[in-house]
Amino acid sequence: MTTGIGGSTAIAELEALVPWSDMAPSIGALEREGRLEKARRLLADSGADALLIGAGASLRYFAGVPWGASERLVAMLLPLVGDPIVICPRFELGTLEADLAVEADVRLWEEDESPSMLLAGALRERRVATLAVDPAMAFLFVDRLRKAAPSVELIDGSSVIDGCRMLKSPAELALMAQAKAMTLEVQRRAARILDEGIAASEVRRFIDEAHRALGASGSSFCIVQFGRSTAFPHGLPGESYLHEGDMVLIDTGCTVDGYNSDITRSYVFGEASDEQRSIWALEQEAQEAAFDAARPGVACEEVDAAARAVLERAGLGPDYRLPGLPHRTGHGIGLSIHEPSYLVRGDKTPLAPGMCFSNEPMIVMPDRFGIRLEDHFHVTEEGAAWFTHPSPSIDAPFG
C-alpha cells in the first residue's frame, strides 16, 4: 500500500483538526487606497475618465465588498478624480455599509427604479466621456448603460483591472500561502481515510468539513475521481467507488479572506502498475520543467511549452492530442480561482514578480487513467517560488 494512504477514518481525522493557529492578516485600508491610486494611474494611461467595476472578485479587490454578481446592478464607479461612487439597491444598504472598506459616495435605487439611469446621472455629473468597463460585467448591464448614456464611449477595462490584480502584494501572498497550506493538509488527511469501496461523495464531504475545521469557509470546490474517471480532467457524472489498483485524483481548494487555493494530488490505492509509475514520473518531470522555466520577462506561453516539450519527447501528444496534455499548463490565481494570465500557447504576457500561477500539466491516458499534480508558484525577482512543495513520489505522495 502507498505510504500515507488509508489506515484512518473521517471521524478520527476531523477530531485531530484544530483551527489554523497562524492566520494571515486581512487586507488593510492603506493597501486598498494604494489599489485605487494604481487603478487611477492605469486608467489615465488607457485614456478613460472613469472605471466601472461590477459585483464580483474585482469589487472585493478594490472595495472589500464580497458580493457575487446577480440580476440587480451593484457596481462602483471610480473616476480619475474624487471619491468612488457605489450604486446599490436601497434594501441592501445595511449590508453594504458593513462590507464597504473604502470611502465612497453611495447612491441607492429602489426596486421600481432604473439603476442604469442612476449610473448615467453619475457619469454626467463627473463629466465622463470615456468609461472603462469591468470585463466580467454582464452584457445585460453594459447594454442597459449604453442605452441610458448613449454619448459615453465604453471601452474594455481589462488593462486597468488585470494590471492591478495580476501582481500580488506581500499581504495577498500571505493569504494565498495560508489557503494553500490548509488545502495541502486536508489533502493529506483525505488520503488517510481512503478504504476499499469508499464513495467519492463521502470523501468530498470529509474535505469540506476538514477545510471548515481548519478555519476556511469550506471547500470552494472539490473533485474526487477514482479509476477510469481520472482520465477525464473534471471527472464523470454520478457516484464512484474506490477499488484496489485505482488511480486516485483529488482536486480541491478553499478561500481565506477571499483568496483561493487549488491543489491536486494523484496516487494509487494499493500497488501502482509499471505504466502508472512511468506516467506519474513523467508528470512530475513536466511540472518541474514548467517551474524551472518561470522567471521574470519570460512569456507565459514559454512555461507551457517547457512542460509540453517533456511530454512530447516521451512520445505523448503532440500539442493537445491524447495520450498527453489536453489543456493549458496553468492559470493565474488570486481572488478568482482562474484569472489572467494563463500558461498557454498564445499568451505572451511577460512574467513579473508578484504574479501567481497553478502548475498542472495533466497527462491523460484515454479511457484508462489520468494524473494531475497541481501546486502553485509566485514569480520572484530571481525566478519562481512554490507556495506548497510538490508531491515527492507515487509511493509517498505526501512525503
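The values are calculated or read from the model by the stated rules, or taken from the named source; none is laboratory data. Computed from a predicted model, the values in this text were never measured in an experiment. FYI the Cβ positions are ideal-geometry reconstructions off the backbone, even for glycines, and counts take in every protein chain you see. Heavy atoms of the whole protein, side chains included, go into the accessibility calculation; ligands, DNA and RNA do not. Shrake-Rupley method; radii C 1.70, N 1.55, O 1.52, S 1.80 Å.
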### Query
So which of Ala101, Ala48, Ala39, Ala24 is part of a helix (DSSP H, G or I) and among the hydrophobic types (A, V, I, L, M, F, W, C)?
Ala39
### Task
State which residue is farthest from the chain's Cα centre (by Cα) when the search covers only the stretch 359-370 and only residues that are surrounded by 22 or more Cβ atoms within 10 Å (Cβ to Cβ) and not β-branched (Val, Ile, Thr).
Phe369
### Message
Just to verify a result, which residue in the stretch 60-70, among those that are of a type outside the set (Ser, Thr, Tyr) and without any contact (Cβ under 8 Å) to a residue 40 or more places away in the chain, is surrounded by the most Cβ atoms within 10 Å (Cβ to Cβ)?
### Response
Val65
### Task
Within the stretch 125-183, track down each residue that is within 29 Å of Thr255 (Cα to Cα) and of a type in the set (Ser, Thr, Tyr).
Ser158, Ser159, Ser169, Thr183
### Selection within the stretch 123-139 - under 19 Å from Ile161 (Cβ atoms) and of a type in the set (A, V, I, L, M, F, W, C)
Leu123, Val128, Leu131, Ala132, Val133, Ala136, Met137, Ala138, Phe139
### Residue that is nearest to Ala174 (Cα to Cα) [pool: residues in the stretch 242-281 that are in contact (Cβ under 8 Å) with a residue 60 or more places away in the chain and among the hydroxyl-bearing types (Ser, Thr, Tyr)]
Tyr259
### Query
Just one of the numbered conditions (1) open to solvent by 40 Å² or more (accessible area, probe 1.4 Å); (2) in contact with a strand residue (DSSP E or B) (Cβ under 7 Å, 6 or more places away or on another chain); (3) among the hydrophobic types (A, V, I, L, M, F, W, C) is not true of Ala314; which one?
(2)
### Task
Quickly run through the stretch 278-294 and pick out the residues that are farther than 30 Å from Glu381 by Cβ, surrounded by fewer than 17 Cβ atoms within 10 Å (Cβ to Cβ) and not polar (S, T, N, Q).
Ala281
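Evaluate the following for His338: is it within 16 Å of Asp251 (Cα to Cα), open to solvent by 50 Å² or more (accessible area, probe 1.4 Å) and either of a type outside the set (S, T, N, Q) or modelled with pLDDT of 95 or more (or both)?
yes
Filter the stretch 317-335 down to residues that are under 26 Å from Thr183 (Cβ atoms) and open to solvent by less than 30 Å² (accessible area, probe 1.4 Å), then give me how many there are. Quick ask: steps written out before the conclusion?
If we filter the stretch 317-335 for residues that are under 26 Å from Thr183 (Cβ atoms), which is where we start, we get 325-335.
From what is left, the residues that are open to solvent by less than 30 Å² (accessible area, probe 1.4 Å) are 325, 329-335.
Number of matching residues: 8.
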### Task
For the stretch 47-80, name all the residues that are more than 20 Å from the chain's Cα centre (by Cα) and either of a type in the set (A, V, I, L, M, F, W, C) or within 17 Å of Leu30 (Cα to Cα) (or both).
Ala48, Ala50, Leu51, Leu52, Leu73, Val74, Ala75, Met76, Leu77, Leu78, Leu80
## Note on the structure
Log entry, pairs with first residue in the stretch 362-373 being on the phi > 0 side of the Ramachandran plot and at pLDDT 95 or above, second being charged (D, E, K, R) and open to solvent by 10 Å² or more (accessible area, probe 1.4 Å), beta carbons closer than 8 Å, six or more apart or on different chains, reads Asp367/Arg228
### Query
Does Glu239 count as at pLDDT 95 or above, touching a Ser or Thr at 6+ places or on another chain (Cβ under 7 Å) and surrounded by fewer than 22 Cβ atoms within 10 Å (Cβ to Cβ)?
yes
### Query
Can you tell me how many residues in the stretch 12-32 are loosely packed, with under 13 Cβ neighbours inside 10 Å, within 19 Å of Pro170 (Cβ to Cβ) and among the charged types (D, E, K, R)?
1
### Selection count, the stretch 341-352, where residues are assigned to a loop (DSSP other than H, G, I, E, B) and open to solvent by 50 Å² or more (accessible area, probe 1.4 Å)
3
#### Entry: Hits in the stretch 129-176 - residues which are touching an Asp or Glu at 6+ places or on another chain (Cβ under 9 Å) and among the aromatic types (Phe, Trp, Tyr)
none
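Counting only residues that are over 14 Å from Asp395 (Cα atoms) and of a type in the set (Val, Ile, Thr), which one in the stretch 246-274 is most open to solvent (accessible area, probe 1.4 Å)?
Restricting attention to the stretch 246-274, the residues satisfying the condition of being over 14 Å from Asp395 (Cα atoms) are 249-264.
Filter again for of a type in the set (Val, Ile, Thr), leaving 250, 252, 255-256, 263-264.
Numbers: Ile250: 0, Thr252: 1, Thr255: 32, Val256: 12, Ile263: 0, Thr264: 0 Å².
So the residue we want is Thr255.
Being basic (Lys, Arg) and open to solvent by 50 Å² or more (accessible area, probe 1.4 Å) is the filter here, so list the residues in the stretch 33-53 that pass it. Please lay out each step first, then the result.
We begin by selecting, within the stretch 33-53, every residue basic (Lys, Arg); these are 35, 38, 40-41.
Once the filter is applied, which keeps residues that are basic (Lys, Arg) and open to solvent by 50 Å² or more (accessible area, probe 1.4 Å), the stretch 33-53 yields Lys38, Arg41.
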